[in-house]
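Following: one structure in C-alpha cells, then a few remarks.
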Amino acid sequence: MPPITHLECSRCHQTVSAASPQTLCPACAGSFYVRYNLSPLKGISHRDAIARDAAASPWPGMWRYRSVLPDVAPVTLGEGWTPMLRSKRFPNVYVKEEGANPTGSFKARGLALAVTMARHYGLRKLAVPSAGNAAGALAAYAAAAGIEANIFMPKDVPFANYVEALMYGANVTLVDGLISDCGRIVAERKEKEGWFDISTLKEPFRIEGKKTMGYELVEQLGWVYPAAVFYPTGGGVGLIGMWKAFLELEELGWIRPGQRPKMIAVQSAGCAPVVRAFDLGEKASQMWPDAATFAAGLRVPKPYGDYIMLDILKESGGLALAFSDAQILSSLRDWARNEGIFLSPEGATATVAYEHLLHTGFLKPQDTVVLFNTGSGLKYTDVTAEAASIHRPG
Ligand SMILES: Cc1ncc(COP(=O)(O)O)c(C=O)c1O
Ligand SMILES: [Zn+2]
C-alpha cells in the first residue's frame, strides 16, 4: 500500500504533512488533496490484483481499492462496490445505484474514510453541517467507531435523515435555515467545543472515499471510460473525487489513455449556483438566494469547492444543467414505473439531464454513460410523497 507522501492544496499547491489531522490550506484556505507515491503500483498487474485480492479480503466494498487508499484499518459497514444497473430502455446507460450503500447513499463512502482517519488520528468529537445524508452517514460511522458525532441540519430535512441520526446516537440540532447556516454554527462553536470539523471539502479524506466511485465505474465497465458521467451536484465532493481517480488511474497506467468522461453536473432549478457560474464563465459561484427544492441534497447555495468543480467541468468538456422540480419528479416516476428503479430526487436530476442531452444531440444513443443515483428513493418518502401529492387514504 502506498504511504501518503503529503497533502497538496487544490488552489495554491502548498504541501503539508498528513502525520497530524489537517483541515484547510493555511496559506489560502483551499481544500487539500491526499497525495501518495504511486510508483510501486504502476502497471496492469497491480490493477489485476484488485479483483483477486478483494475475494480474500476481510473488508468488502470500496476497500478493494485499499492499494490506493490510506494504509489504515477501516471503519467499515460494507460501503461501495454498488451495482451498475443497465437501463432497459437505453442500452448504453448505466445507473450507478448508490442507494445500495449503508445508510442508503453515497455519503457512506466519504464518511467511512473520514471517520477511519479520525479514529486513526485519535479524534474524539466530530461535527458536520449536512443537507441530510452526510449526517446519517457520519452518525453511523461515528457509532461504529465509538466517536462522538455532532450534527447540524436544516429542520426540514427528509425525515429519514433525522430519525437515522438520532437512532445512531448522534447529537442532532435542527436549524431553521440551510446547510450554509449549519456550517456557520459549526465554525462558530468548534473551537470551544473541541470538535473536528468534517464538513464537505474542509478535511481531505471525504474526497478520498468518494474517489472510489471513479475507480469503481471504470472497473465495472472493463477498465474503460464512459463518454459521460452525470453527477447530481451539491457540494461536489463526488465529482472532484472521481476526477482525482481518473488522474490517478492514468498515472498508474491502469486505464488505456483516451478521452476522459465529460463530467455533467446536474442541479435543481431551485438551487443552481454551479450552473449559473458555469453559464457565466465565472471561476466561482455566488450565494444562491432562497434555495428551495425537494432534492434536499442539492440545497447547497454556495459550494466550498465551486472553483475546483468549475475547472473540472471545463477541462472535461462537460456541462452544468438545472431542471425544475416538476421535471425531476416526472423522471423519478418514469424510472420507477418503467425500469423498477426508485431514484432519489437527486438521482432523478441525472436521468432528466441524460434525456435532455440525447434530445439536443450533445450525446448519441451509442455513447456509454453513467448516471449517479446518489441515494435510495426510500430515504425520501416524505418529500417525494409531498411533491407527488400522495396521501395515506383515510
Ligand atoms: C442523495 C444526494 N445526492 C447528491 C448530493 C450532493 O452531493 P455532493 O455534496 O457531493 O455534491 C447529496 C448531498 O447531500 C445527497 O445527499
Ligand atoms: Zn493553498
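I'm trying to understand the selection: among the residues of the range 288-306, which are within 22 Å of Leu319 (Cβ to Cβ), among the hydrophobic types (A, V, I, L, M, F, W, C) and either without any contact (Cβ under 8 Å) to a residue 24 or more places away in the chain or not in a loop (DSSP other than H, G, I, E, B) (or both)?
Trp288, Leu298
Determine which member of the set Arg206, Arg184, Arg189 is charged (D, E, K, R) and touching a Pro at 6+ places or on another chain (Cβ under 9 Å).
Result of the check over Arg206, Arg184, Arg189: Arg184.
Which of the residues spanning the range 12-59 are open to solvent by 40 Å² or more (accessible area, probe 1.4 Å), hydroxyl-bearing (Ser, Thr, Tyr) and more than 10 Å from ligand 2 (Cβ to nearest atom)?
Once the filter is applied, which keeps residues that are open to solvent by 40 Å² or more (accessible area, probe 1.4 Å), hydroxyl-bearing (Ser, Thr, Tyr) and more than 10 Å from ligand 2 (Cβ to nearest atom), the range 12-59 yields Ser17, Ser20, Thr23, Ser39, Ser45.
Run Arg256 past the list (1) of a type in the set (Lys, Arg); (2) modelled with pLDDT of 95 or more; (3) closer than 26 Å to Ala227 by Cβ and report the number of the one that doesn't hold.
The failed condition is (2).
Could you count how many residues in the range 178-199 are modelled with pLDDT of 95 or more, surrounded by 15 or more Cβ atoms within 10 Å (Cβ to Cβ) and not in a helix (DSSP H, G or I)?
Looking only at that region, the number is 5.
Collect the residues in the range 1-11 that are in a strand (DSSP E or B) and either touching a helix residue (DSSP H, G or I) at 6+ places or on another chain (Cβ under 6 Å) or within 12 Å of ligand 2 (Cβ to nearest atom) (or both), keeping them in residue-number order.
Hits for the range 1-11 are Leu7, Glu8, Cys9.
When the range 24-44 is examined, which residues are found to be out of contact with any strand residue (DSSP E or B) (no Cβ under 6 Å at 6 or more places or on another chain), away from ligand 1 (no atom under 16 Å from the Cβ) and over 20 Å from Asp71 (Cβ atoms)?
Selection gives Leu24, Pro26, Ala27, Cys28, Ala29, Ile44.
Assess whether Leu321 counts as being open to solvent by 70 Å² or more (accessible area, probe 1.4 Å), more than 16 Å from ligand 2 (Cβ to nearest atom) and either in contact (Cβ under 8 Å) with a residue 40 or more places away in the chain or among the hydrophobic types (A, V, I, L, M, F, W, C) (or both).
No, not satisfied.
Condition test on Glu339, is it open to solvent by 20 Å² or more (accessible area, probe 1.4 Å), modelled with pLDDT of 95 or more and either among the acidic types (Asp, Glu) or farther than 29 Å from Ala29 by Cβ (or both)?
yes
Could you check the range 70-175 for helices (runs of 4 or more DSSP H) lying wholly inside it with 2 or more residues that are open to solvent by less than 40 Å² (accessible area, probe 1.4 Å) and either within 20 Å of Gly214 (Cβ to Cβ) or in contact with a Phe, Trp or Tyr (Cβ under 8 Å, 6 or more places away or on another chain) (or both)?
By residue number, 107-121, 133-145.
In the range 335-385, how many are among the hydroxyl-bearing types (Ser, Thr, Tyr), within 18 Å of the chain's Cα centre (by Cα) and not in a loop (DSSP other than H, G, I, E, B)?
Of the residues in that region, 4 qualify.
Given the criteria open to solvent by less than 10 Å² (accessible area, probe 1.4 Å), hydrophobic (A, V, I, L, M, F, W, C) and more than 10 Å from ligand 1 (Cβ to nearest atom), does Phe230 qualify?
yes
Any residue at all in the range 60-80 that is at pLDDT below 95 and of a type in the set (Phe, Trp, Tyr)?
Within the range 60-80 (the criterion being at pLDDT below 95 and of a type in the set (Phe, Trp, Tyr)), the answer is no, since none of the residues qualifies.
Please give the number of the condition Gly305 fails out of (1) surrounded by fewer than 16 Cβ atoms within 10 Å (Cβ to Cβ); (2) within 22 Å of Lys107 (Cα to Cα).
(1)
Looking only at the range 279-302, count how many residues are touching a Gly at 6+ places or on another chain (Cβ under 9 Å) and either aromatic (Phe, Trp, Tyr) or within 16 Å of ligand 2 (Cβ to nearest atom) (or both).
2
Being on the phi > 0 side of the Ramachandran plot, of a type in the set (Gly, Ala, Ser) and modelled with pLDDT of 95 or more is true for just one of Gly30, Gly43. Which residue is that?
None of the others qualify; the one that does is Gly43.
Here is a list: Thr374, Thr368, Thr360. Which entry is among the β-branched types (Val, Ile, Thr) and within 14 Å of ligand 1 (Cβ to nearest atom)?
Step by step, each of Thr374, Thr368, Thr360 is checked, and only Thr374 is among the β-branched types (Val, Ile, Thr) and within 14 Å of ligand 1 (Cβ to nearest atom).
Any chance the range 204-212 includes a residue that's surrounded by fewer than 22 Cβ atoms within 10 Å (Cβ to Cβ), modelled with pLDDT of 95 or more, touching a Leu at 6+ places or on another chain (Cβ under 6 Å) and not in a helix (DSSP H, G or I)?
No, because not a single residue in the range 204-212 is surrounded by fewer than 22 Cβ atoms within 10 Å (Cβ to Cβ), modelled with pLDDT of 95 or more, touching a Leu at 6+ places or on another chain (Cβ under 6 Å) and not in a helix (DSSP H, G or I).
Evaluate the following for Ser344: is it modelled with pLDDT of 95 or more, at negative phi and open to solvent by 10 Å² or more (accessible area, probe 1.4 Å)?
Considered against the rule, which asks whether it is modelled with pLDDT of 95 or more, at negative phi and open to solvent by 10 Å² or more (accessible area, probe 1.4 Å), Ser344 comes out as no.
Counting only residues that are of a type outside the set (Phe, Trp, Tyr) and under 15 Å from the mean Cα position of the chain (by Cα), which one in the range 106-127 is farthest from Met84 (Cα to Cα)?
Ala114
The values are calculated or read from the model by the stated rules, or taken from the named source; none is laboratory data. Just so it is clear, the model here is predicted, and its values are computed rather than measured. When we count neighbours, we look across all protein chains shown, and the Cβ atoms used for this are built from the backbone with ideal geometry, even at glycine. These area figures cover heavy atoms from the full protein model, side chains too; ligands, DNA and RNA do not enter into them. Shrake-Rupley method; radii C 1.70, N 1.55, O 1.52, S 1.80 Å.
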